[in-house]
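The values are calculated or read from the model by the stated rules, or taken from the named source; none is laboratory data. All of these numbers come straight from a predicted model, not from anything done at the bench. Cβ coordinates were reconstructed from backbone atoms using ideal geometry, including for glycine residues, and neighbour counts include every protein chain displayed. Heads up: the accessible areas ignore ligands, DNA and RNA and are worked out on the full protein's heavy atoms, side chains in. Shrake-Rupley method; radii C 1.70, N 1.55, O 1.52, S 1.80 Å.
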Amino acid sequence: MAIVELHQLTKSYKNNRGISDISFSIEEGEIFGFIGPNGAGKSTTIRTLLNLIFPTSGSAAIFGKDIVKHSKEIRQDVGYLPSEVHYYDDMKVIDLLTYSGRFHRNFNTVRMKELADGLDLDLSRKIEDLSFGNRKKVGIVQALLHQPRLIILDEPTGGLDPLMQHYFFDLLHEEQKRGATIFFSSHILSEVQKMCERVAIIKEGKLVQVESIESLTKNKVKNVTLIFKVGEPLHIELEGVIQQEIKSNEMRLLYSGNIQELLSKLNGLPLHDVLIEEPTLEETFMHYYEK
Ligand code: ADP
């Protein structure tokens, strides 16, 4: 069953693009990634789904219910972690979490304490005394304490140190085992690759592609930098070069061809050095546009 369904969802701001014509769906139990550079429209999509802002046109449903007509009901079973968390500073963490937890029928103080313990979050501290990372942890507990059926995470890992990130990812896998569906937005390709089964790629307010991680990683695009010996001609004949750039004695290629073929071609060239790397997110996007 589709837990989230978007039909040509569009949100225009007065002077800004927002999102246009976004359609995709998320199946029950999936960890679904939503990836795109900053300003692509991820938060706009999420905030529209949560009915924090109204769609300009198109529609969407969560649990089969219209996001505008049934937003209150939907929110009961949704856990949301915003990209930036703002709280009343002079509250204690435990008071804030108890207050917001009470709005949900499944609120459970044992689960709240368990989550705080796991994240190493001191519930007795005042919000104003917390670091950015600790505020993020408050947001995580708040998003998970009522065992929601759908968890929506907007850039969740910012501010978490690597150890906490690891713990957080384990936590999400546990939630998935419990049956939760997870919508995970990020501009960091590697973490989406690690966590998600499928991803929707968004750029400049438009959906570029919806694809499984498996087929994403099958397209093994590489960045290849060839440093030629000074005075040698910069030339390579190779199939699978998507893009080529030359600067003094350096040639940069975006390459999607066979790696053996690349290596054997390199063998015959007057090279000083070679670098083969994963492309950045933007370069991966370019690859999608070319297809
Ligand atoms: P992302 O979450 O992917 O970084 P956003 O959804 O925040 O992207 O932004 C998408 C586009 O909508 C950007 O061009 C941004 O400037 C614009 N935008 C976002 N929020 C507002 C707003 N409240 N008013 C006007 N424009 C906005």
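Rounded to two decimals, what is the ratio between the C-alpha radius of gyration of the stretch 34-137 and 2.2 N^0.38 Å?
1.25
Kindly identify the stretch 204-251 as rounded, prolate or oblate by the Cα gyration tensor criterion: order the square roots of the eigenvalues as a ≥ b ≥ c, call it rounded if a/c is under 1.5, otherwise compare a/b with b/c, prolate if a/b is larger, else oblate.
Prolate is the answer for the stretch 204-251, as a/c is 1.5 or above and a/b outweighs b/c.
Could you look at the stretch 2-213 and say what percent of its accessible area is carbon and sulfur, using a 1.4 Å probe and all protein chains?
It is 47 percent, rounded to a whole number.
Each residue of the stretch 258-273 in order: what ³J(HN,Hα) in whole Hz does its phi give by Karplus 6.51 cos²θ - 1.76 cosθ + 1.60, θ = phi - 60°, with x for Gly and Pro?
6, 6, 4, 5, 4, 4, 6, 5, 4, 3, x, 9, x, 9, 9, 7
For the chain, find the longest principal axis of its Cα atoms and tell me its angle to the long axis of helix 132-144, 0 to 90°, nearest 10.
The two axes meet at around 60 degrees.
Would you mind working out the accessible area per residue for the stretch 3-96, using a 1.4 Å probe, and quoting it in Å²?
The answer is 47 Å² per residue.
Among ASN108, LEU253, SER215, whose Cα sits farthest toward the positive end of the charge dipole of the chain (+1 at Cβ of Lys/Arg, -1 at Cβ of Asp/Glu, about the Cα centre)?
ASN108
Loop only per DSSP, at most 16 neighbouring Cβ atoms within 10 Å: give me the chymotrypsin sites (Phe, Trp or Tyr not before Pro) in the stretch 87-136, ordered by residue number.
The qualifying sites are TYR87, TYR88, PHE103, PHE107.
Taking 0.36 nm per residue of sequence separation and subtracting the Cα-Cα distance, how much length would be gained by fully extending the chain between SER131 and LYS265, in nm to one decimal?
Working it through step by step, the gained length comes to 43.1 nm.
Sort the following peptides by mean Cβ neighbour count (other Cβ atoms within 10 Å, averaged over residues), highest first: 59-70, 23-34, 115-126, 233-244.
Final packing ranking: 23-34, 59-70, 115-126, 233-244.
Quick one: in the chain, what % of C-alpha pairs are over 36 Å apart?
Percent of Cα pairs beyond 36 Å in the chain: 29.
Counting only heavy atoms of protein chains, what accessible area per residue, in Å², does the stretch 122-179 have with a probe of 1.4 Å?
42
Based on Cβ point charges of +1 for Lys and Arg and -1 for Asp and Glu, what charge dipole magnitude is obtained for the chain about its Cα centre, in debye rounded to the nearest 20?
Its charge dipole is roughly 940 debye.
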